[in-house]
Amino acid sequence: MNAPAPCATTRTVDLLARWPRFAWLLRRRWFPLVVAVPLLVLTATFVSAGLVGTPVGNRNGLVVFVWILWWFLLIAVLVPFAARSWCGVCPVPLLGDWLQRRRVLGVTFADPRQGKEGPGTQIGRNRYRGASRRWPRRLSNLWLQNLGFLLLATFSVVLLTSPLASALAVGGMVAAATGVALLYRQRTFCRFLCPVGGFLSLYSMSSTLALRARSSSVCGDCKEKSCLAGSEQGWGCPWLEYPSRMARNNACGLCLECVKTCPHGNMSLFVRPPFAERRLEGLDEAFKAFLMLALAIAYSVVYLGPWGGLKAAANVAEAVDWRAFGLYAGGLWALALGVVPGLYLAAAWLGRRLARTPQVPARAAALAGASTLVPFGLLVWIAFSVPLVLANGSYVLAAGSDPFGWGWNLFGTAAIPWTPVVPHWTPWFQAGLLLVGQGAGLRAGWLENRELYGGRRRALLGFAPTAVLLAATALLLLALYTG
Amino acid sequence: MQAQAGESRRRGAIWGMGALGILAIIGIGAAGAGTHAPREHEIRVTAGRYFFEPAVIRVQRGDTLMLRFAATDVVHGFYLEGHDLDVTIPPLSRQVEAKRAGATELVEEVVLVAERSGKFRYRCSKPCGAMHPFMVGELVVGPNHLFRASAASAIGLLLGGLAWVRLRSPEERPG
Amino acid sequence: MRKSILESLTAGAIAIALVAAVAVPLQVEASRRHSRARGISTIELTGVMGQGVWTDEAVTAGTSWRRNFRRATPVLRVGQTTRLRLASADVAHAFSAPDLGIDPIEVYPGKTVEILVTPREAGKFEYYCTTVCGEPHFGMRGFVEVAPSGAPDGSPPPQRPGANYWLTPEPAPGADGVARGAWLYRQQGCVTCHGDAGAGGVPNPNSMNATVPELADLGRRTFLFTAADADALLAVLASGQPLQGVSEAPAVPLFPVVKRQYLATRELVRDGRRSSRLDVEGPRPPLDMPAWGARLSTDEIDAILAYLLTLGRGNTATVATTPGPHSVEGDIP
């Protein structure tokens, strides 16, 4: 199942036990703030560059640093090896956090036994300003994030190439996160609204890093439950999780508050093999998996493919051809909401029919089938991102010295010409990543179906259509990338 | 005794499958590596915002490409990955600036021999607007070993995986 | 107590850092520009392809969507050195002002080029963009005014034909070749150099002919001396057979000569020609004949030639000569 359980298993390494200095760092109130604040400062500069800097996309620091450097580091380095650690240092919700908590560094500890007076809302043993409402149950899932990401993806060409659009998007996210923080409790925005958080939630399941409780018996005996309720040392989990019971990476933003508050030092970081978490728990997660695969295919066709007509149709801000854009957007939505989910759901349904197991719920079969797309989808996205950085990474060096495009040369690299780095190795990297993804996807899907169907023969029959579909998807992508 | 025989049968089957798989990959890759007479291709590459026409050029290894260029709207570039070639194409002009081996010269035609097989993209190297970083075409020089080998591997993973499960995994769900 | 001091200090430091993150780069750039301007007077010009202008207004990420940037008319002073800083907002442009001794300078987006100009005499000197930069390229021209006192004299600069030519509305699909040719002649920008109805007269500094050739007499130069001759040739072209393969056409007098001339003209339009310098030591002529074959098909070239061969007869479809819907203030009408 998902690993590690609150009891450490044999295949994990307890990082904080191995490296006490690291544990010391994680317990400081100023960590990871000491990383997040400089990122916030940089964001302010870059957003300014996106508004008053050069209109040339590949020379504007905002476009280059966000869509080449940050994006690649996020999908290829942070997610596979450090789960949702970006969320722990993300600058977007910082202002909201500070306004909610009326604190930058410290903690508002308010013992409920001493009466509930004072301004703000009491949650556990902390006080928050703002309305601190609960997010509606029916929206407490990935659906809004699915929709938000699809909307952003429809206009992705404009977003990626226009500094103004990127500045408005980043600024808009900060404004939205701050606004939501004033109305709803803690990190509601991050958990249920942030479009980036949507896919980080899904793909962090494949990560080698996990924040878990060490010993469930310690948690059982614990009277304070500070990880949930907060204490003098830290805030109760802002991600609305119960850390001691947390068994999945999906909602853990690695803010490390529970590491700071736990009076028994029972929260730790574990390193484990990749693709350890497989179980999807809702159709919202399955659709996130479908959506991300569909978009990876669409982006590979539009951005990496040689079909200029598609690029022109998607480039609505420059070409202003709304009819062509409508066709493109319609095709994208059909692929993301119709074709990919339809095919994978049909494969799961067919498998259930072949296995002749009407007692297995259709929903569970669908989730087991979609679980193949978690590791596969992550690796497809990494494969898609490789040429972005190999071909255009030199822009980062140039824009780093001249983020506004005003002719500066801060680090002497402003005059570096566009220099692709071994771009012809790209198909090799992509093929390798795709095959690893297919293998991991097959494994995940098989193990999920094995548990669901019980018998090996029935599980094989149940999984076979999805496995074939996965291989077909891999072949399609291989043809796009290498064929 | 019986369990041991079953175990070695399974192991033998797995080794056999593996060998078959590797043979398949090599076999598919080797097919088409036979000699064939190199051909000459006269290709007129037209660049516009944001496309190359032809979008995909398919040739065999050893073929000669004679490229002429035209740009329809603004200055574009033609940078061929994996080859030492970067051409600047001014619009409405017969001549282009071809940069090879460190030297730039004004020519009307660029001659290139496709010595390596594989997929090489050609990209625009002169900023030409918003979608410039994604202005791309493909030169596919056959035989495309990488595609064949990776496609065979994808199929091999599927079949091998199913066979592995069939042979290795116990019938009932582990306790 | 210590905690709240630390808290306030941290909050204050963060606030200062955020304000500085936005204010410092702006301030640094402002003082850079100020110190640049303090020595030699500086004029910033940015090339914008959507309008086909060199503008002296600032083109930033936040304003590049505008379609009404002011066409620059830089004012210089006799004997005074001025720095021109040339940048591009989008694609490769070039800046050329041969009468001021400025040979074409390529300006790629992301790289600002600086030149120093010291005019020796007063007057209005035309500047051009000499790298094709989109449909409006051929209208990307303007004037530098050099005044003894440094103040403009208020007189309007010379007129050039074909303002907003690329916005000329396309004729209906069923229109005949001559009407299409008339539209192409305008919409592609031929009009900006060869003049309305091929009248010519547009200056081309330091070129052999001093002005761009007129085309109104193309018929005569193709040995088609009457309207009937021209119509006969157009009928041969319309028959569908490629002209190279037609060995005789009784309706066209002197057909072999006409054919050779027509094919030569078509080849000239298709392949273009660089203007030769009158004075080899002098600046490059800014106007060359472009190689239209890169953009136009043979049929389209033939349509333009058909229009030119039938000029002055009043049987061409009326083509809009008033500026299109996006008239630009301060444009060359």
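Since every read-out is calculated from the coordinates, none of them should be taken as a lab result. All values derive from a computational prediction rather than experimental measurement. Positions of Cβ are generated from backbone atoms using ideal geometry, with glycine treated the same way; all protein chains shown enter the neighbour counts.
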Query raised in the report: Relative contact order of chain A: what whole-number percent is it, with Cα pairs under 8 angstrom and at least 6 residues apart?
Result: 19 percent
Query raised in the report: Running Debye on region C:165-309 with equal point scatterers at the Cα sites and no solvent, what base-10 log of I(q)/I(0) appears at q = 0.17, 0.19 Å⁻¹?
Result: -1.00, -1.20
Query raised in the report: With a Cα-only, solvent-free Debye model of the protein assembly as shown, what are the log10 I(q)/I(0) values at q = 0.04, 0.10 Å⁻¹?
Result: -0.26, -1.24
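Set the Förster radius R0 to 51 Å, insert the Cβ-Cβ distance between B:H41 and C:A58 as r into 1/(1 + (r/R0)^6), and round the FRET efficiency to 0.05. Present the calculation step by step, with values, prior to reporting the outcome.
Numbers: r = 48 Å, r/R0 = 0.94.
Rounded to the nearest 0.05, the efficiency is 0.60.
Please compute the contact order of region B:40-142 in relative form: average sequence separation of alpha-carbon pairs under 8 Å and at least six residues apart, divided by the residue count, as a percent.
Working: 269 pairs, mean separation 33.8, N = 103.
Once normalised by length, the contact order is 33 percent.
Can you give the Kirkwood hydrodynamic radius for region C:50-141, in Å, rounded to one decimal and based on Cα pairs? Intermediate results must be reported in sequence, preceding the final value.
Values: mean 1/r = 0.0724 Å⁻¹.
This gives a value of 13.8 Å.
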Requested in this report: Report, as an integer, the average count of C-beta atoms from other chains found within 10 Å of each Cβ along A:453-460.
Outcome: 3
Requested in this report: Scan region C:209-286 for GluC sites (Glu not before Pro) in coil per DSSP, keeping those whose Cβ has at most 11 other Cβ atoms within 10 Å, and list them by number.
Outcome: C:E248, C:E281
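Just checking the output field for C:56-66: average partner chain Cβ neighbours within 10 Å of each residue's Cβ?
Details: counts 0, 0, 1, 3, 13, 21, 9, 4, 6, 5, 0.
So the per-residue partner count for this stretch is 6.
State whether chain A is rounded, prolate or oblate according to the following rule on the C-alpha gyration tensor (a ≥ b ≥ c being the square roots of its eigenvalues): a/c under 1.5 gives rounded; otherwise a/b larger than b/c gives prolate, and the remaining case gives oblate. Intermediate results must be reported in sequence, preceding the final value.
On the way: a/c = 1.68, a/b = 1.09, b/c = 1.54.
Taking the square roots of the gyration eigenvalues as a ≥ b ≥ c, chain A is oblate.
Once R0 is set to 45 Å, what does the formula 1/(1 + (r/R0)^6) return for the Cβ-Cβ distance between A:V271 and C:R32, expressed as a FRET efficiency to the nearest 0.05?
Working: r = 48 Å, r/R0 = 1.08.
Result of the calculation: an efficiency of 0.40.
For region C:37-147, what proportion of DSSP beta bridges, expressed in % and rounded to the nearest 5, is antiparallel?
Values: 20 of 30 bridges.
Once the DSSP bridges in region C:37-147 are tallied, antiparallel ones form about 65 percent.
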Query raised in the report: Within 10 Å of each Cβ of A:160-169, how many other protein chain Cβ atoms are there on average?
Result: 3
Query raised in the report: Of C:I43, C:I301, C:I14, which is the most mobile in a GNM of chain C whose springs link Cα atoms less than 10 angstrom apart?
Result: C:I14
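Given chain C, what percent of its DSSP beta bridges are antiparallel, to the nearest 5?
Values: 23 of 33 bridges.
Beta bridges within chain C, antiparallel portion: roughly 70 percent.
Starting from the Cα coordinates of region A:13-205, work out the convex hull volume and express it per residue in Å³.
For region A:13-205, the hull spanned by Cα atoms encloses 144 Å³ per residue.
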Query raised in the report: When we measure straight from the Cα of A:K260, which lysines land under 22 angstrom away, once same-chain ones fewer than 8 places off are left out?
Result: A:K223, A:K225, C:K3
Requested in this report: Give me C:H34, C:H93 ranked fewest to most by other Cβ atoms within 10 Å of their Cβ, as a rough exposure proxy.
Outcome: C:H34, C:H93
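Go ahead and run the numbers for FRET between A:L151 and A:L182, Cβ-Cβ distance against an R0 of 22 Å, rounding to 0.05. Don't skip to the answer; put the middle values down first.
Details: r = 24 Å, r/R0 = 1.07.
So the FRET efficiency works out to roughly 0.40.
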Requested in this report: Check cross-link reach from A:K311 to the lysines: straight Cα distance under 24 Å, and skip same-chain residues fewer than eight apart.
Outcome: B:K119, B:K126
Report task. Over the residues of chain C, compute the C-alpha Rg and express it relative to 2.2 N^0.38 Å. Result -> 1.30
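Defining a contact as two alpha carbons under 8 Å apart and six or more residues distant in sequence, what relative contact order in percent does region A:365-456 show? Numbers along the way, then the final one.
Details: 103 pairs, mean separation 41.4, N = 92.
Value for region A:365-456: 45 percent.
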Report task. With +1 on each Lys and Arg Cβ and -1 on each Asp and Glu Cβ, and nothing else charged, work out how big the dipole of region C:165-309 is about its Cα centre, in Debye to the nearest 20. Result -> 300 debye
**Report entry** the protein assembly as shown: antiparallel DSSP beta bridges as a percent of all, rounded to 5
**Finding:** 70 percent
Query raised in the report: If region B:40-142 were replaced by its equivalent ellipsoid, with semi-axes equal to the square roots of 5 times the Cα gyration tensor eigenvalues, what would those be, largest first, whole Å?
Result: 20, 15, 12
**Report entry** region A:246-314 - Rg and Dmax from Cα coordinates, angstrom
**Finding:** 19.4, 61
**Report entry** Simple label model, 7 Å out from Cα along Cβ direction - C:A147 to C:V78, nm
**Finding:** 1.4 nm
